[in-house]
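Undergrad: Below: one structure in structure tokens.
FYI, it's all coordinate maths here, none of it is from the lab. All values reported here derive from a predicted model rather than from experimental measurement. Cβ placement follows ideal geometry from the backbone for every residue including glycine, while neighbour counts extend to all protein chains displayed.
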Amino acid sequence: MKILDFLAPEAININLQATSKQAVLEELVEALVKTGKVTDRKKVLDVLLEREELGSTGIGHCIAIPHGKSDAVTELAASFALSRSGVAFDALDGEPVNIFFMLVAPEGSAGTHLKALARISGLLKDKFFLKNLLAAQSREEVLKVIEEEEKARH
């Protein structure tokens with residue numbers, strides 16, 4: 001499984017404008033609404049907010065991986081955003097989050113959903129990869145960084 005199989009280029013935002021957790025999630029969901037992979041923005045946003053209530057998906061080291069499953073999602077899909085200034089996201093380490101990888105999947109796709117989460121979190125553990133993502137100045141650069149990292153791991 002490759003991240004680029006479920007991360008649409010048009011769902012990459014390198015200049016996230018949001019300054020709150022809810023606004024971040026809204027921007028990330030909106031990106032997938034535009035790709036057609038999310039059919040009901042409110043339903044998906046509600047699922048993500050419910051997941052955040054269980055515990056923040058801000059995993060620390062400037063990273064958050066909001067995720068959820070909903071029948072308003074047509075297939076496994078991810079959106080990605082960079083916040084240059086960082087957003088308070090209740091991260092485990094208390095630090096602002098700069099890198100957001102949101103993952104949503106249809107109901108009943110737990111196995112695929114978990115594999116994708118593991119794939120994303122595995123890549124994000126690499127400090128060199130993180131540094132390159134944070135330095136990306138365009139959507140194309142983000143795609144290139146991800147593609148190169150995935151090639152290096154196969």
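Undergrad: If Leu48 satisfies every condition in (1) over 21 Å from Gly108 (Cβ atoms); (2) within 14 Å of the chain's Cα centre (by Cα) but one, which is the exception?
TA: Against the list (1) over 21 Å from Gly108 (Cβ atoms); (2) within 14 Å of the chain's Cα centre (by Cα), Leu48 comes up short only on (1).
Undergrad: Condition first: of a type in the set (Ser, Thr, Tyr) and more than 21 Å from Thr112 (Cα to Cα). Can you find one or more residues in the stretch 31-52 that meet it?
TA: no
Undergrad: Still on this structure, I have one more. Quick check on Ala23: is it buried (at least 17 other Cβ atoms within 10 Å of the Cβ) and of a type in the set (Gly, Ala, Ser)?
TA: Against the criterion (buried (at least 17 other Cβ atoms within 10 Å of the Cβ) and of a type in the set (Gly, Ala, Ser)), Ala23 does not qualify.
Undergrad: Then there is this: Among the numbered conditions (1) within 19 Å of Ile3 (Cα to Cα); (2) touching a strand residue (DSSP E or B) at 6+ places or on another chain (Cβ under 8 Å), tell me where Lys115 comes up short.
TA: Going through the list (1) within 19 Å of Ile3 (Cα to Cα); (2) touching a strand residue (DSSP E or B) at 6+ places or on another chain (Cβ under 8 Å), Lys115 breaks only (2).
Undergrad: Using the structure shown, decide if Glu147 is closer than 17 Å to Pro9 by Cα, in contact (Cβ under 8 Å) with a residue 24 or more places away in the chain, of a type in the set (D, E, K, R) and not in a loop (DSSP other than H, G, I, E, B).
TA: So Glu147 fits the description; yes.
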